[in-house]
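Notes to accompany the following structure.
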Amino acid sequence: MCPDYFRWIEQDLRWWKKSGVSREMLDSAEDIAHFRLVIVKGKVYVERFKKCFQTRELFTIWGILQLMRLYPGKLPDLELLFNCDDGVVINKNDYQGPDATLPPPVFHYCGDEESLDIVFPDWTFWGWAETNIRPWEGILKDLKEGNKRTKWKDRVPYAYWKGNPKVAYRRAELMKCNASEWNSHLYVQEWDKENFQGYKNSKLKDQCTHRYKIFIEGAAWSVSDKYILACDSTTLMVDPYFYDFFLRSLMPLQHYWPINTDRKCTDLKFAVDWGNNHTRQAKAIGKEGSKFIYESLKMKYVYDYMFHLLSEYAKLLKFEPKVPPGMKEMCSEKLACSSDGLWKKFMVESMVISPSETLPCTRPPPFDDLSLRAFFQKKDRLKQQVENLKSEYLEKLNKTQQ
């Protein structure tokens, strides 16, 4: 059985369930997309509209090619548009009202409650060469090794974060919490300096040293969520506005501890104080978050999510996908051979060598209105439990200070 986050596939595609996807819809959104990808008779073709940041496009296409190698001949013919930017691109409000047109389906790395972007696994699962982060299977082994170095109880009893605070206001605000007063150790990641030094001080496996690790979004969602959750540390998650394909299924107090974005410093202090006074429960949250990553976010499941999402999307097409003149066929060998350095190294490391001996996992039943409402109610109820714990803590603290 597939993990629960596969239930979101139908939610992301529900906007086109009745109307289907027409050729006109796709053509109308070419200015939004970075590239068009067509699969016909087991071959992949790409038409580029504009350049993506760094090599996001390259490794996204590479990932789809590996999916084709894992399940050869299994994917139906299809055509899609893909956007590689950080922020969402299809605003829900633009397609509401009596005179509204139908929204175009655009694949993207993240979504939010105000958008209709179709969420797809991000490029870093096949490696982020610009920051020397290995493909997912390799980095998971590195993180597991890093976890073994220091047991949770022996780790630094503070919250840890390292990243670029310049990309978002909320991260700049987080840096104000960088003091023992707030139980937080926060560090600026200077990528240019790290690049010059060969990334010696930015290895993810060396960052599993604190009992608590902070996750906070950047310009939009952040690819760092999976690396932070994999560390066995208790993840302190600053209320995310965006979501990727798996983050939506995580539960507070089970996989992470929620931090209110408007009260970052005080919430971080309380989370660490509470965890250090309830070490068994805090450790269990960290372990459960890591268990989710190692068991439910295996690379096989990432591919299976891609497979099911693309297969369900293909059913919505109201036209027969065809290869337009001049469109380039893509293949793994050609991409790998035309790359060099870390880019080529990561492609070789993440290349699917042989077809899967098993079929894709079986999806759980999709959400209906009742189960979806129950899911969000449970999440809200657990967040309220944290608020209640904090209120009790502050009340006791005030009494002791009187």
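The values are calculated or read from the model by the stated rules, or taken from the named source; none is laboratory data. Computed from a predicted model, the values in this text were never measured in an experiment. Using ideal geometry, Cβ is built from the backbone for each residue, glycine included, and neighbour counts are taken over all protein chains shown. In case anyone asks, the SASA skips ligands and DNA or RNA and just uses the protein heavy atoms, side chains included. Shrake-Rupley method; radii C 1.70, N 1.55, O 1.52, S 1.80 Å.
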**Request:** Restrict the check to segment 330-351 and report whether at least one residue is part of a loop (DSSP other than H, G, I, E, B), in contact (Cβ under 8 Å) with a residue 60 or more places away in the chain and hydroxyl-bearing (S, T, Y).
**Result:** yes
**Message:** I'm trying to understand the selection: among the residues of segment 163-174, which are over 25 Å from N277 (Cα atoms) and of a type outside the set (G, A, S)?
**Reply:** N164, P165, K166, V167, Y169, R170, R171, E173
**Prompt:** When only residues in segment 6-65 that are of a type in the set (K, R) and farther than 30 Å from E333 by Cα count, which is least open to solvent (accessible area, probe 1.4 Å)?
**Reply:** R7
**Request:** Kindly indicate whether any position in segment 278-291 is outside any helix (DSSP H, G or I), within 30 Å of E387 (Cα to Cα) and without any contact (Cβ under 8 Å) to a residue 12 or more places away in the chain.
**Result:** yes
**Request:** Determine the pairs where a residue that is on the phi > 0 side of the Ramachandran plot, located within segment 213-230, has a partner that is surrounded by fewer than 23 Cβ atoms within 10 Å (Cβ to Cβ) and of a type in the set (G, A, S) with Cβ atoms under 9 Å apart, the partner being 6 or more residues away or on another chain.
**Result:** none
**Item:** Scan of segment 135-184 for residues that are charged (D, E, K, R) and closer than 23 Å to K287 by Cα, ordered by number
**Value:** E137, K141, D142, K144, E145, K148, R149, K151, K153, D154, R155, K162
**Asked** Is it true that S391 is in contact with a helix residue (DSSP H, G or I) (Cβ under 6 Å, 6 or more places away or on another chain) and open to solvent by less than 80 Å² (accessible area, probe 1.4 Å)?
**Response** no
**Item:** Y45 vs. criteria under 27 Å from F367 (Cα atoms) and out of contact with any Cys (no Cβ under 6 Å at 6 or more places or on another chain)
**Value:** no
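Here's the yes/no breakdown for (1) surrounded by 20 or more Cβ atoms within 10 Å (Cβ to Cβ); (2) closer than 30 Å to W15 by Cα:
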residue: A271; (1), (2): yes, no
residue: N277; (1), (2): no, no
residue: I293; (1), (2): yes, yes
residue: L309; (1), (2): yes, yes
**Asked** When you scan segment 184-208, how many residues do you find that are hydroxyl-bearing (S, T, Y), touching a strand residue (DSSP E or B) at 6+ places or on another chain (Cβ under 8 Å) and at pLDDT below 95?
**Response** 2
**Asked** Going by the structure shown, is T400 open to solvent by 70 Å² or more (accessible area, probe 1.4 Å) and part of a loop (DSSP other than H, G, I, E, B)?
**Response** no
**Complete:** By residue number, the members of segment 164-214 that are over 28 Å from W152 (Cβ atoms), open to solvent by 20 Å² or more (accessible area, probe 1.4 Å) and not in a helix (DSSP H, G or I) are E190, Q197, G198
**Complete:** Per the filter on segment 230-263, residues farther than 28 Å from K141 by Cα and either in contact with a Lys or Arg (Cβ under 6 Å, 6 or more places away or on another chain) or open to solvent by 20 Å² or more (accessible area, probe 1.4 Å) (or both) are D239, Y241, N260, T261, D262, R263
**Fill in**
If we keep only residues of segment 215-226 that are in a helix (DSSP H, G or I) and open to solvent by less than 10 Å² (accessible area, probe 1.4 Å), then the residue nearest to H185 (Cα to Cα) is D225
**Item:** Condition met for K322 (open to solvent by 90 Å² or more (accessible area, probe 1.4 Å) and in contact (Cβ under 8 Å) with a residue 60 or more places away in the chain)
**Value:** yes
**Request:** Have a look at S356, S339 and point out the one that is surrounded by 13 or more Cβ atoms within 10 Å (Cβ to Cβ), modelled with pLDDT under 95 and among the polar types (S, T, N, Q).
**Result:** S339
**Prompt:** Where in segment 1-78 are the helices (runs of 4 or more DSSP H), entirely inside, with at least 2 residues that are in contact (Cβ under 8 Å) with a residue 40 or more places away in the chain and charged (D, E, K, R)?
**Reply:** 8-13, 56-70
**Message:** Can you tell me which condition E217 does not meet? The list is (1) of a type in the set (D, E, K, R); (2) within 25 Å of K153 (Cβ to Cβ); (3) at pLDDT 95 or above; (4) out of contact with any helix residue (DSSP H, G or I) (no Cβ under 6 Å at 6 or more places or on another chain), and all the others hold.
**Reply:** (2)
